[in-house]
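Working notes, beginning with the structure itself.
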Amino acid sequence: MIKFSYAKRVISGITSVGMLALFFLCSMPVAAENQTDAYTEISDAAGLMAVANAPEGNYRLTADIDLGESEWQPIPFSGKLDGAGHTLYNLHVTATGKDKRVTRDGNLKEYDTEFAGLFSVMENAEVKDLSLKGAFVDISGKGSCFAAILSGYSDGSTVSGCSVEGRVHMINNGVNAGVAGVAGYGTGVFEECKADVELVFEDRYTEGKCEQFLGGIMSCGIGDFKSCDVNINAYDSCHGYVHNGGIVGMFYRCGMKYSKRSITSCYVEGQISFFEDNKDRRAYCKPFGGEFLTAPKINSNNKHKLTINETKDYSKVLSPEACEKPDYETTVTPPDCTNWGYTKHTCRTCDYSWIDSYTPPQHDADKWVTVSESDYEHEGLKRQYCKKCGNLISEKTIPLKSADKEKDKKSADNSNVTVWAIAASSGILLILEIAAIIYSHKRNKAAESEGTDSEKTDDNDEIS
Ligand SMILES: [Zn+2]
Ligand SMILES: [Zn+2]
């Protein structure tokens, strides 16, 4: 009894230690140098989409990712994402995310609003050292809606060292709406961000006048915009109120609690073409902020080479493609050993062009070469090098030569011999048996003719 309870305690002790160890193992981060650095690694599109299951998590990219396999569904994000210098290629968004938030116009009137981008909404998120290339956010909004490449909405988020390259197009059917390079609506810090973007806003809202916003970094909101670099190509056809800026469309607190408000050391180049088909015309369009309802600190290091083209012809929707009947030439630049390839579409008539369909780097694989053959004790090695750069692409081992295999082969041969022997002997036995039957039959016939009953003889034998 004493022994039993002692053993039980020992077992239960071992189990507890085991459980504790298991608990610590399970709660250990995927890759952590210490607890504060714990993060989940992302290396493919599925991994990035899985962020939706834990939006408050801490993530790091370990590879460039092609998102072009299928259309992206915008996801909410409130964690940390370290791009680690990697790029997301071919983001294609045509639908807003599920997450709605309230947005406000210049009179603090509220609108239930939808958002589109890589993220639908960012809240207290941190995103750094991430690039997006070949992005196309193409939204036909049903109501109030904001779209941008990184996120449609931002509340108190910090975006640093990030760059976006691509197109954001919106057909607007709501009151409060906007397009931007990095973030649509809200608050945040945007530091050392780059935007090389084509922004197109077409207003089809007919029940009144829309509040329209467009900005290289953010379309409407406040925050710190530091050392941002914008190359903008924008077309805005609006029948309501225009707010267009190279950095921010309308600089405004929007009723949100946020104290950061500056535009410092930013650079803007490119052009904004727009019309404001509205008798109550204000037509806010300026290089850094279209309209300032909340005053930011603006330093003298902001520079621009922005061209503003306002037209009063409201009959034709403004578009980067100027031709009635565009004639496109498609040029595919294949990838090489280190750079992604891409497709460029250029109109032969007006020279308008855009880039999409990035394809991952590819080596030109040469034939496999045998580095060492295998023997009975050592595996061999094969390698494959790139024809162009000479880099090792892949290698594989050549399995051990198997003595057993030789033996197996021999025994297989032997067993074949056995089978044949059995078959042959069976044949001989069969022949002998048939011969015996024939012989016995003949003997019986002979006996019958002599009047002797062989069966009787047998019976007699049994009796005796
Ligand atoms: Zn053209
Ligand atoms: Zn190569």
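Laid out as a table, the results:
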item: Cleavage-rule hits, trypsin sites (Lys or Arg not before Pro), region 230-308, DSSP coil, Cβ neighbours within 10 Å at most 10; result: K257, K279
item: Highest-first arrangement of 342-348, 166-172, where packing means the average Cβ count within 10 Å; result: 166-172, 342-348
item: Length added when fully stretched, S259-W368, from 0.36 nm per residue minus Cα-Cα; result: 33.0 nm
item: Ranked by how many other beta carbons lie within 10 Å on average, peptides 111-124, 142-155, 83-96 from highest; result: 142-155, 111-124, 83-96
item: Translational diffusion of region 38-320, µm² s⁻¹ [Kirkwood Rh, Cα pairs; Stokes-Einstein; 10 °C; 1.306 mPa s]; result: 88
item: GluC sites (Glu not before Pro) within region 241-327: DSSP coil, no more than 11 neighbouring Cβ in 10 Å; result: E324
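Every number here is computed from the coordinates shown, using simple stated rules; none is lab data. Since the structure is predicted, the reported quantities are computational estimates derived from the model, not experimental observations. Using ideal geometry, Cβ is built from the backbone for each residue, glycine included, and neighbour counts are taken over all protein chains shown.
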